Amino acid sequence: MTAAPLATAQLRSALWDRREARVHALVDGSVVPGLPARLRAAACVGWDCLQRGALTPAAAAQAAYVVELQPESDFTTWLLGEACSAFEGWGVLMSSSRALLALREHSRHLAEVQGPDGRRRPWRWWDAELLAQLLPGLAPSQLDAFFALDQQLVCPGAQRWTWWQRRDGVLATHVRERVA
């Protein structure tokens, strides 16, 4: 039996359903035009760039940002509603009890991989299609590292949202259809 599609408000409520839940969005500036200006005007708990150091305005516009969301802010409403349709693949949501700094550092750690040649390279781990291919194939120790902050990971989309989390040492996935 397929569950009935949920409205954006119901999906938003599910994000903050965990005890002591804090919800962070990892938003990709290369997908969302004008993101730095939008963040400066946003009513959110806080935000920080995933890249370290000072960036040129052009680099800052293309960078990814970790944003701690407030459940009822205009920015959250826009991000979970309009942005899911207008900017498919803008990033991911993370529900955790951890603060912005911890999620930023964890996201930075995940955003760099080491190749067989030993060189470190940037990696856009928040890409929903990549996650759908990668997460089911991770070994238990890799899942432990990926979900080290006991976070739920949510890939929001125009038609469906996919929840990923580690439960009892294994990957749990749940897809929730969204009302158009």
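Residues are listed down the side, and each one gets a yes or a no for (1) surrounded by fewer than 17 Cβ atoms within 10 Å (Cβ to Cβ); (2) among the hydrophobic types (A, V, I, L, M, F, W, C); (3) over 12 Å from the mean Cα position of the chain (by Cα):
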{"site": "27", "(1), (2), (3)": "no, yes, no"}
{"site": "66", "(1), (2), (3)": "no, yes, no"}
{"site": "76", "(1), (2), (3)": "no, no, yes"}
{"site": "114", "(1), (2), (3)": "yes, no, yes"}
{"site": "122", "(1), (2), (3)": "yes, no, yes"}
{"site": "143", "(1), (2), (3)": "no, yes, yes"}
If you check 131, 93, 101, which single one turns out to be farther than 20 Å from residue 70 by Cα and either in a strand (DSSP E or B) or under 15 Å from the mean Cα position of the chain (by Cα) (or both)?
131
Restricting to segment 11-57, what's the tally of residues that are more than 18 Å from residue 71 (Cβ to Cβ) and of a type in the set (Gly, Ala, Ser)?
7
Mind checking whether some residue in segment 60-71 is assigned to a strand (DSSP E or B), in contact (Cβ under 8 Å) with a residue 24 or more places away in the chain and polar (S, T, N, Q)?
no
By residue number, the members of segment 154-172 that are in a loop (DSSP other than H, G, I, E, B) and either in contact with a Leu (Cβ under 7 Å, 6 or more places away or on another chain) or of a type in the set (Asp, Glu) (or both) are 156, 168
Identify the single condition in (1) farther than 27 Å from residue 9 by Cα; (2) in contact with a helix residue (DSSP H, G or I) (Cβ under 9 Å, 6 or more places away or on another chain); (3) of a type outside the set (Asp, Glu) that residue 115 does not satisfy, given that it satisfies every other one.
(2)
Conditions (1) touching a helix residue (DSSP H, G or I) at 6+ places or on another chain (Cβ under 9 Å); (2) modelled with pLDDT under 95; (3) surrounded by fewer than 13 Cβ atoms within 10 Å (Cβ to Cβ); (4) closer than 24 Å to residue 123 by Cβ: number failed by residue 41
(4)
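The values are calculated or read from the model by the stated rules, or taken from the named source; none is laboratory data. Source: prediction; values computed, not measured. Cβ atoms come from the backbone with ideal geometry, glycine included; neighbour counts cover every protein chain shown.
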